[in-house]
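Okay, structure first, notes after.
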Amino acid sequence: MEQALKSADLKILSASAGSGKTFNLVQEFLKLTLTYGEKGKFSSIIAMTFTNKASLEMKERIIDALDLLSNVYSTDSNLQKKRQLLLETTVNNTQLKKEEIENRARLVLKEILHHFEEFNVLTIDKFSLRLIRTFARDLDIQQDFKVVLEEKKLLEQVVDELLSKIGTEDNKRLTSLAVRYAKANLDEGEKWNFRKNLIDFSSVLIKESNQAFVEKVLEKEYTSEEYDSINAHLKHIKLEFENKITSWIEHFNSYGLSKGDLPGGVNGVLGLPDKLNKILGSSPQRLKTYKAVEEAIAGTNLKASHVFPDALKQSIIGLYTDTNKLADEYFCYNLLRKNFYNLALLKYVGEQLQNIRKDESIIRISEFNAMISKLISEENAPYIYERLGTKFSHYLLDEFQDTSRLQWLNLIPLLHESISQGHFNLIVGDPKQAIYRFRNGLVEQFIELPEIYNPDQDPKLGTISQQFKVQGEKLPLEDNWRSYKNIVEFNNAFFPEFIVPLHEDMQAAYHDVIQNPKGKDGGYVYFNHFTEKMNNAEYEELELHSIHQWIRECEADGFKRGDICLLARNASDGRRWAQYLTKQEENYKVVSSDSLAIGADKTIQLFIDYLNLRRNYNNHTKQTQFAVSFITRQQLDPLEELQSFWDGRVGKLNMEMFVQHYFESKEKLIFNYDNLYDLGQQFARLFKVDELNNPYLHHLMEMLQDFDVNEGPDIRAFLDYWLTGGSTQTVQIPENDEAIKIMTVHKSKGLEFPVVMLPNLGWKIKMDEKVFVEDDKEVYYTALKKKDAPDFIMDHYEEENYKKLMDEFNLLYVAMTRPVQRMYANVRKNAEGYVEDFVAKQLGDMQHSKLVKNEEEGIIQYSFGEKSLNTSSEEEQTNLFQPEALKDYLWFPEISLQDKEALEEEDLSRERRYGNQLHYLLSKVNQLEDLPKKLRALKIQGRLEQDMLDELEKDATKALTNSDYLTLMQQATKIMNEQEIILDKDDIRRPDKLILTENGVILVDYKTGKKQKKDEAQVKNYAFALRELGFAVVEGYLFYLKENEVKKVC
């Protein structure tokens, strides 16, 4: 019966955005469970996806569908309408009668609810974990192993253990490796943060795509003799390279050729000796090719009067061949030298990870696939099922475009077994939405289906692939049920030509990009194209203005604020937009990943300030921070409220008076507690906070309880954990019709919004990370680049460049298919290598009757469709919790010390405290007339000591009137103090002052101590970061305050 109901044993759905992917998957589940009427049939089906959220949603959708089909007697008209549509679809899919579907749905739902543990809708990782637990003994691991999800913490543990051993008598080799590693990083211009550099570098150990390379790295010994051998090879290659060149120059000179004998002049053959002489003494490099020389060798520019002996021609060809070969060898050996100690330390970290795994009985989640691969390769599917105690007949795989290589290889034998038995299986995906390559997703696997992607030409896979091809069928879902007609039509006109720059193999992912609009008529698309060149600060101003204008426009047309979602490529853009919106007079509320972070809530901020106070009660800075946090939470002005507790004689908060006024006594504020959870509960009672009405506090209590169990009741340890990641944990709360949503494009995948805004499409196509590559001899770790690199690295560069381009194009596709009714976006004139360049070009080339182009000075406005009032039916309203949008106050950022957590400010010498406070004051003041007001404010806030005020004012005045400083300030169009430059989530830089000018940006960094070489390196690092953000002209200066000297660095 099963064979008669389907056309293929393997059905593959290529599901474009909005095409009803989950609906189809649920329908297949219903078809399998309802058609046969077998008891317990649902337990033979396993549906797999990639996130817990997605698996939960799929479970809910399946149960809701069964419940809806069962609900014959409901009187709700809306419910009955939905039920009727679902029932008709299910009748068509199963060929069953309505009454039979209703009865069977009721029975299946009852079975699932009574045997929920057999309802197999889960993530691939959970399925892998189930296999690992079943075969724990076979895999030589203990049955009670723990799974490590936060692998970075494990790396930190290993690196910290490594650091503790450096310099000890028993670890001389490790000490030598660490010193050489640090020196190699400094020589390469890396910033001095040994621990962070090593943790970041060690993360290559946990990336699936690196496993084959890592295994080879771990096999090597990295002895000092090997290092010496590499250096010897480099010297030998350099000597041979120079000998080749000098020998050829002598050979050339022997011909006695002069001007007029050969074409091209100094850029031709006659100019080669001078050019070659200039590179003697430098590192071997590929010789530059010259058009005139190439033409002379080819004979295309030779005249009858020219003299070009064949022997000389052959010698030039040989010179290029030989020296380029030597240059490639030198390049590779130099890579080995540069990374020798890095890889030696990596080997040490890898070995320690293995030791920890055995000693503490843990498994990293990134090891799952490799372990399962070993298991699957050694056992057949029936045996695996026998050990599991369950045989799955049907596999339903969702989001297949994000499946990794090992995940797919591990599933192939199980699907093969199912298909061989004539059972139905389903794979759903969309290569256009493959945006998780950085998590090992391999989109080529879906593009290749129903055949199996087999780049290594494995014969066993080839045989299975033929069976998949015969028994598989790939079908597109061509209808878009999500978006209004004009949104779909715009994307249909935009993407087919937009993807032309992609490699032809990758263009295949977009072969089904054109969709049939099935949504409502209407819809509106609007793009601003700013055509004049501008710096980032100028563009940001236009960007924020356009956001404000678009929101007002949408509200005027009947959209709620909760209908609007702003999508960003990175979190820093989202934070900037959120901060801007929350400061507007319309009192916008924002829900973003930042606002949902537990550390964004004022009550939680108060709790952390309270812990800091408990840890060092007599620290005046901690006292003032706590007091300000306490007053701020009550929505009062701390500057006014704390005046009555301010001791003007010493310039500090009178903590005794403050505590007595608000808490009666110190004993009530600093109470005894049993553990951190108990401390949190008593805090909630003391500060009158209801945990049930504050999801942030509830989440904090869970964190405290977990920390008690795993780490113990140590306040300092918890605060360390808070600073290194605890504060970024997010809270799940209901959405709100009055809050504008802000999220990254990655987080928006699978979601839809009535209005989508893309304020910044300046997404840089970066080629900056280092990767492993190999030739037939060695494994190398290198940044990909084209200049002077051997062919195998340049080939890898070209391949990676196309993949990077596809990553960004896919992100854009995801972003532009989220809107239901409206889409707004900005693009600007930018340098090459940004997504907005491709977008601007495509907008200019697009031809469509609905596309309206309005060109004004400095801007081209594109619109598609007409704006109309939002008449969507009002959805049922509920009273939902409104989170605090963003942190409103950024009081008292910690002064930068070598170890700010271990070294309290009050323990510093007066000279250093004074230097820190002068530095902080000048980072907040731009001009002399602002100084008195800022001095008063910082004094009240407890940032400046009373007995230093006169001296601070005197030295700050001297600095603010420095003639060189004033010259820099006169160029300012905008000034930004302590502005964060976020290159990635772990690389945040904060120069003291940025002076935006018409041509670029000037950065100034203050120094209060003695001049050091690292000062200039720090400024150059800041300048590099700013150039990465798109500033073409960057000048960097050091301002030595003690000498009142402004020094240009770059």
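The values are calculated or read from the model by the stated rules, or taken from the named source; none is laboratory data. No experiment lies behind these values; they were computed from the predicted model shown. For neighbour counting, all protein chains shown are included, and Cβ atoms are generated from backbone atoms with ideal geometry for every residue, glycine included.
When only residues in segment 794-822 that are in a helix (DSSP H, G or I) and touching a strand residue (DSSP E or B) at 6+ places or on another chain (Cβ under 6 Å) count, which is farthest from Glu553 (Cα to Cα)?
Among them, the one singled out is His796.
Counting residues that are modelled with pLDDT of 85 or more and surrounded by fewer than 19 Cβ atoms within 10 Å (Cβ to Cβ), which helices (runs of 4 or more DSSP H) fully inside segment 932-1029 reach at least 1?
The qualifying helices (runs of 4 or more DSSP H) are 949-960, 963-969.
Here is a check on your reading of the model: is Ser247 out of contact with any helix residue (DSSP H, G or I) (no Cβ under 7 Å at 6 or more places or on another chain), among the small types (Gly, Ala, Ser) and modelled with pLDDT of 90 or more?
Spelling it out, Ser247 is indeed out of contact with any helix residue (DSSP H, G or I) (no Cβ under 7 Å at 6 or more places or on another chain), among the small types (Gly, Ala, Ser) and modelled with pLDDT of 90 or more.
When Ala717 is evaluated against the numbered criteria (1) at pLDDT 90 or above; (2) outside the structural domain of Ala568 (by TED's automatic domain parsing), which criterion, by number, is the only one it fails?
Going through the list (1) at pLDDT 90 or above; (2) outside the structural domain of Ala568 (by TED's automatic domain parsing), Ala717 breaks only (1).
Tell me yes or no: at least one residue of segment 321-334 is among the β-branched types (Val, Ile, Thr) and within 30 Å of Val773 (Cα to Cα).
yes
Any residue that is in contact (Cβ under 8 Å) with a residue 40 or more places away in the chain, within 30 Å of Leu287 (Cβ to Cβ) and not hydroxyl-bearing (Ser, Thr, Tyr) - is there at least one of those in segment 165-175?
There is no residue in segment 165-175 that is in contact (Cβ under 8 Å) with a residue 40 or more places away in the chain, within 30 Å of Leu287 (Cβ to Cβ) and not hydroxyl-bearing (Ser, Thr, Tyr).
Looking for something farther than 27 Å from Ala344 by Cβ and touching a Pro at 6+ places or on another chain (Cβ under 8 Å) - is there at least one such residue anywhere in segment 270-286?
No, that holds for no residue.
Identify, from the list Lys786, Lys770, Lys777, Lys764, the residue that is surrounded by 15 or more Cβ atoms within 10 Å (Cβ to Cβ) and more than 24 Å from Gly18 (Cα to Cα).
Lys764
With respect to Arg137, determine if the residue is on the phi < 0 side of the Ramachandran plot and either assigned to a strand (DSSP E or B) or outside the structural domain of Asp402 (by TED's automatic domain parsing) (or both).
In short, yes.
Could you list all residues from segment 782-812 that are of a type in the set (D, E, K, R) and within 11 Å of Ile765 (Cβ to Cβ)?
Once the filter is applied, which keeps residues that are of a type in the set (D, E, K, R) and within 11 Å of Ile765 (Cβ to Cβ), segment 782-812 yields Glu800, Lys803, Lys804, Asp807, Glu808.
With over 29 Å from Pro476 (Cα atoms) and either free of Cβ contacts under 8 Å to residues at least 12 places away in the same chain or in contact with a His (Cβ under 8 Å, 6 or more places away or on another chain) (or both) as the only criterion, which of Lys39, Lys97, Lys110, Lys81 stands out?
Answer to the check: Lys110.
What is the residue count in segment 406-444 for residues that are among the hydrophobic types (A, V, I, L, M, F, W, C), within 20 Å of the chain's Cα centre (by Cα) and not in a loop (DSSP other than H, G, I, E, B)?
Total meeting the criteria: 1.
Could you say whether any residue in segment 302-314 is surrounded by 16 or more Cβ atoms within 10 Å (Cβ to Cβ) and either in contact with a strand residue (DSSP E or B) (Cβ under 6 Å, 6 or more places away or on another chain) or aliphatic (A, V, I, L, M) (or both)?
Yes, the conditions are met somewhere in segment 302-314.
Of the residues Lys313, Lys325, Lys275, which is touching a Lys or Arg at 6+ places or on another chain (Cβ under 9 Å) and assigned by TED's automatic domain parsing to the domain that holds Ser258?
Step by step, each of Lys313, Lys325, Lys275 is checked, and only Lys275 is touching a Lys or Arg at 6+ places or on another chain (Cβ under 9 Å) and assigned by TED's automatic domain parsing to the domain that holds Ser258.
Considering Asn103, Asn92, Asn24, Asn78, which residue is at negative phi and at pLDDT below 90?
The match here is Asn78.
Within the set of pairs 6 or more residues apart or between chains, which connect a residue that is among the hydroxyl-bearing types (Ser, Thr, Tyr) inside segment 988-1010 to a residue that is assigned to a strand (DSSP E or B) with Cβ atoms less than 6 Å apart?
Going by the 6 Å Cβ cut-off, the qualifying pairs are Tyr1006/Phe1039.
Is it the case that segment 829-852 has a residue that's outside the structural domain of Trp550 (by TED's automatic domain parsing), outside any strand (DSSP E or B), over 22 Å from the mean Cα position of the chain (by Cα) and not aromatic (Phe, Trp, Tyr)?
Among the residues of segment 829-852, not one is outside the structural domain of Trp550 (by TED's automatic domain parsing), outside any strand (DSSP E or B), over 22 Å from the mean Cα position of the chain (by Cα) and not aromatic (Phe, Trp, Tyr), which makes the answer no.
Scan segment 143-175 for residues that are in a loop (DSSP other than H, G, I, E, B) and either surrounded by 14 or more Cβ atoms within 10 Å (Cβ to Cβ) or modelled with pLDDT under 75 (or both) and jot them down.
Gln143, Asp144, Phe145, Leu149, Glu150, Ile166 - these are the residues of segment 143-175 that are in a loop (DSSP other than H, G, I, E, B) and either surrounded by 14 or more Cβ atoms within 10 Å (Cβ to Cβ) or modelled with pLDDT under 75 (or both).
Which of (1) under 30 Å from Glu799 (Cβ atoms); (2) at pLDDT 95 or above; (3) in contact with an Asp or Glu (Cβ under 6 Å, 6 or more places away or on another chain); (4) not basic (Lys, Arg) does Pro450 not meet, given it meets every other one?
Just one mismatch for Pro450, condition (3).
Please go through segment 39-75 and give me each residue that is in a helix (DSSP H, G or I), among the aliphatic types (A, V, I, L, M), modelled with pLDDT of 90 or more and under 16 Å from Glu399 (Cα atoms), ordered by number.
Matches in segment 39-75: Met58 only.
Please work out which residue is nearest to Phe630 (Cα to Cα), limiting yourself to segment 649-677 and to residues that are in contact (Cβ under 8 Å) with a residue 60 or more places away in the chain and not β-branched (Val, Ile, Thr).
Only one residue fits best here, namely Leu653.
Would you check which residues across segment 338-383 are of a type in the set (S, T, N, Q) and within 28 Å of the chain's Cα centre (by Cα) and list them?
Asn339, Asn342, Gln352, Gln354, Ser366, Asn369, Ser373 - these are the residues of segment 338-383 that are of a type in the set (S, T, N, Q) and within 28 Å of the chain's Cα centre (by Cα).
Can you tell me how many residues within segment 448-470 are touching a residue at least 12 places away in the same chain (Cβ under 8 Å), touching a Ser or Thr at 6+ places or on another chain (Cβ under 9 Å) and not in a loop (DSSP other than H, G, I, E, B)?
Number satisfying all stated conditions: 1.
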